[in-house]
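Asker: The following block contains the structure, expressed as structure tokens.
Every number in this text was worked out from the coordinates using simple rules, so none of it is lab data. Keep in mind it's a predicted model, so treat the numbers as computed, not measured. Here Cβ is always computed from backbone atoms with ideal geometry, including for glycine, and neighbour counts include all displayed protein chains.
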Amino acid sequence: MATNHLWKRTTRALAFYAWLDTFVIRFFDHVVGVSGEITEEMGKKGIPGAKLSHVMNGVDLSRFQSGLADRQRIRGQWGLEDDVVVGTISSLSPEKGHKYLFQSLPYVVDSFPKMKVLVVGEGGERKELEDESHRLGLDNHVVFAGARDDIPAILDALDVFAMPSLKEGMPMALLEAMAAGKAIIASAVGEIPYAIVDGRNGLLVPPKEPDRIKGALLSLLSSSELISRLGREARATAENRFSSVRMTEEYCRIYDRVLEKRRYAVKGASL
């Protein structure tokens, strides 16, 4: 079995990998897509529907329990103790849409000069994003944290989680932010609208629209009550619909079906 999280085609190497993967996974017994869009795309590439399933990602909720010590420690590393912190966690690649978040910020920091954006992750677009941040006059408002392996602690340090992506499946970073009880601003792409209902457990914006990101940020930063309410609702959604226990049960059912089919095939061949 294999799981397809997303075919990226933003570079020649990734496009070649996606093409190769579409060929190779035809020979697997079963393939899981983490979103309906990805599963549908695999079907269009010629993978038989009987070999396809859709299982949404799940997260280990026990890893995301709020801790004041972690919040203070992480904020202290970059001198963010007294700031309102908006964070992103992803690879630094074009499809993650960081530049659109950056383009919204000059208008936001005029109203909230103590706002900081913590950019967690590495990738080929880091230099371009650093240049864009400088061009927009955001040197004192954007912190590039690089790759981190302490994501629960990073999330503790944030007030708002932003995901301005252009394309997604069901992103684990989003589910982890929900499990951590963060107020979320996310693009309405891929399976994100299945997890986030605008105004109920987060705020959705169209991709590539800095003005809409700006409006969402201003709404959140103007209301600590809204930040708290959306964070509580996000955590409740994660508990009810996106736990790793639920995901594991679905995978186990698929494995049972595939193994049963294989047993019948072997038994038939031996007769």
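Asker: Please determine, by comparing only the residues of the stretch 86-107 that are surrounded by 22 or more Cβ atoms within 10 Å (Cβ to Cβ) and over 19 Å from the mean Cα position of the chain (by Cα), which one is farthest from L203 (Cα to Cα).
Answerer: L105
Asker: Looking at the stretch 55-62, is at least one residue more than 17 Å from the chain's Cα centre (by Cα) and farther than 30 Å from R232 by Cα? Step through it out loud before you land on a result.
Answerer: Step one: list which residues in the stretch 55-62 are more than 17 Å from the chain's Cα centre (by Cα), which gives 62.
Keeping just the survivors that are farther than 30 Å from R232 by Cα gives none.
No, the conditions are met nowhere in the stretch 55-62.
Asker: Still on this structure, I have one more. Return the total of residues in the stretch 117-144 being among the hydrophobic types (A, V, I, L, M, F, W, C), in a loop (DSSP other than H, G, I, E, B) and within 21 Å of S222 (Cβ to Cβ). Steps first, please.
Answerer: Within the stretch 117-144, the first condition is being among the hydrophobic types (A, V, I, L, M, F, W, C), and the residues that meet it are 117-120, 129, 136, 138, 142-144.
Next cut, in a loop (DSSP other than H, G, I, E, B) only: 136, 138.
Keeping just the survivors that are within 21 Å of S222 (Cβ to Cβ) gives 138.
Here the count works out to 1.
Asker: Would you be able to say whether some residue in the stretch 98-116 is within 30 Å of R246 (Cβ to Cβ), outside any strand (DSSP E or B) and not aromatic (F, W, Y)? Spell out how you get there, then give the answer.
Answerer: Step one: of the stretch 98-116, the residues within 30 Å of R246 (Cβ to Cβ) are none.
No, the stretch 98-116 has no match at all.
Asker: Still on this structure, please answer the following. Being assigned to a strand (DSSP E or B) and touching a residue at least 40 places away in the same chain (Cβ under 8 Å) narrows it down to one of I184, I213, so name that one. Talk me through it step by step, then tell me what you get.
Answerer: Details: I213 fails: assigned to a strand (DSSP E or B).
On inspection, the qualifying residue turns out to be I184.
Asker: Here's a follow-up. If I filter the stretch 170-183 down to residues being touching a Gly at 6+ places or on another chain (Cβ under 6 Å) and surrounded by 24 or more Cβ atoms within 10 Å (Cβ to Cβ), which single residue comes out as nearest to S104 (Cα to Cα)? Break it down into steps so the answer makes sense when it comes.
Answerer: Filtering the stretch 170-183 down to residues touching a Gly at 6+ places or on another chain (Cβ under 6 Å) leaves 181-183.
Restricting the remaining residues to those that are surrounded by 24 or more Cβ atoms within 10 Å (Cβ to Cβ) gives 182-183.
Numbers: K182: 20, A183: 18 Å.
Among those that are touching a Gly at 6+ places or on another chain (Cβ under 6 Å) and surrounded by 24 or more Cβ atoms within 10 Å (Cβ to Cβ), it is A183.
Asker: I've got another one for you. Could you please let me know if P152 is under 26 Å from S228 (Cβ atoms), surrounded by 23 or more Cβ atoms within 10 Å (Cβ to Cβ) and in contact (Cβ under 8 Å) with a residue 40 or more places away in the chain? Talk me through it step by step, then tell me what you get.
Answerer: Details: under 26 Å from S228 (Cβ atoms): yes; surrounded by 23 or more Cβ atoms within 10 Å (Cβ to Cβ): no; in contact (Cβ under 8 Å) with a residue 40 or more places away in the chain: yes.
When the stated conditions are applied, P152 does not pass them.
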